[in-house]
Amino acid sequence: MKRLLDGYAKFHREVFPQWKDRFHLLAEMQKPDVLFITCADSRVVPTMICQTEPGDMFLCRTVGNVVPPHGYLPGGVSSTVEYAVEVLHVRDIIVCGHSDCGAVKAVFDQRDLSRLPLTAKWLGLLEPAWKYLDPACGSDGPSRYKGLIHGNVVAQVEHLRTHPEVARRVAEGTLALHGWYYDILTGSVESYDGTERRFVPLESLTTE
Ligand SMILES: [Zn+2]
């Protein structure tokens, strides 16, 4: 905890003054263009990966970057999606999985989660990942595990599509959904190409 308190002291003393003008503009409104949904994992830092600034991205972090399908629960993730789409009018939603994801590993290894009933229920939402297991990753253990992480990204993007407000905006052409995979070791991002049904290096995609 001491590190955090020291960090805050430095932020308040040295960093915030440099950002004062920006936060003055942001103090009473935000207009992020992107909703970024990723795992709660401490090693995935979306604002660092995308080099964004305060106010740029609406963030949602959940164990296993799970997005429950519409109607599952009026939970935090679904309400975050609804708010981002209906009120903030974000233009893009990114679902970002990552290497060495413990949530996907638990499903991959079919671990006994009887002592963690809430986690077990939550990770049930990760099971559809098997349907989208990425064969391009290979068939040995570690490769299949990566393939399941890829599959989970696709599965959670599909869950997103079941939300009526998301489906409507996608049909209107005012909202785009993206599936990303972040590699902690290399800092590289792969993006799911829905047409080719495969993950490709993010830098190979052209931006509009
Ligand atoms: Zn994770």
Checked ARG115, ARG91 against criteria (closer than 23 Å to HIS178 by Cβ and away from the ligand (no atom under 16 Å from the Cβ)); the one match is ARG91
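Going by the conditions given, is LYS131 among the charged types (D, E, K, R), open to solvent by 50 Å² or more (accessible area, probe 1.4 Å) and touching a helix residue (DSSP H, G or I) at 6+ places or on another chain (Cβ under 9 Å)? Spell out how you get there, then give the answer.
Working: among the charged types (D, E, K, R): yes; open to solvent by 50 Å² or more (accessible area, probe 1.4 Å): yes; touching a helix residue (DSSP H, G or I) at 6+ places or on another chain (Cβ under 9 Å): yes.
Here the answer is yes, as LYS131 does meet what is asked.
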The number of residues in region 134-182 that are of a type in the set (A, V, I, L, M, F, W, C), within 24 Å of THR80 (Cβ to Cβ) and open to solvent by less than 20 Å² (accessible area, probe 1.4 Å) is 8
Sole miss for HIS163 among (1) farther than 23 Å from VAL200 by Cβ; (2) in contact with a His (Cβ under 6 Å, 6 or more places away or on another chain); (3) within 16 Å of the ligand (Cβ to nearest atom) is condition (3)
How many residues of region 33-61 are touching a Cys at 6+ places or on another chain (Cβ under 9 Å) and near the ligand (Cβ under 9 Å from one of its atoms)? The answer is 4
Flagged pairs (Cβ under 7 angstrom, 6 or more apart or on separate chains; first in region 97-111, hydrophobic (A, V, I, L, M, F, W, C); second at pLDDT below 95) are ALA106/LEU113
Going through region 1-19 in order, the residues found to be surrounded by 10 or more Cβ atoms within 10 Å (Cβ to Cβ) and hydrophobic (A, V, I, L, M, F, W, C) are ALA9, PHE11, VAL15, PHE16, TRP19
With the first residue restricted to region 12-40 and required to be farther than 30 Å from VAL157 by Cα, and the second required to be among the small types (Gly, Ala, Ser), Cβ contacts under 8 Å at 6 or more apart or on different chains are ARG22/GLY55; LEU25/GLY55
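Considering only residues that are touching a strand residue (DSSP E or B) at 6+ places or on another chain (Cβ under 8 Å) and open to solvent by 40 Å² or more (accessible area, probe 1.4 Å), which ones fall in region 59-75?
As a first pass, look at region 59-75 and keep what is touching a strand residue (DSSP E or B) at 6+ places or on another chain (Cβ under 8 Å): 59-65, 67.
Those that are touching a strand residue (DSSP E or B) at 6+ places or on another chain (Cβ under 8 Å) and open to solvent by 40 Å² or more (accessible area, probe 1.4 Å): LEU59, ARG61, VAL63.
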Scanning region 183-192 for residues that are touching a residue at least 12 places away in the same chain (Cβ under 8 Å), out of contact with any Lys or Arg (no Cβ under 6 Å at 6 or more places or on another chain) and open to solvent by 30 Å² or more (accessible area, probe 1.4 Å) gives ASP183, LEU185, GLY187, SER188, GLU190, TYR192
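The values are calculated or read from the model by the stated rules, or taken from the named source; none is laboratory data. The shown structure was predicted, so the numbers you read here are calculated from the model rather than taken from an experiment. Ideal geometry is used to build each Cβ from the backbone, glycine not excepted, and the neighbour counts take in all protein chains shown. For accessibility, only protein heavy atoms count, side chains too; no ligands or nucleic acids. Shrake-Rupley method; radii C 1.70, N 1.55, O 1.52, S 1.80 Å.
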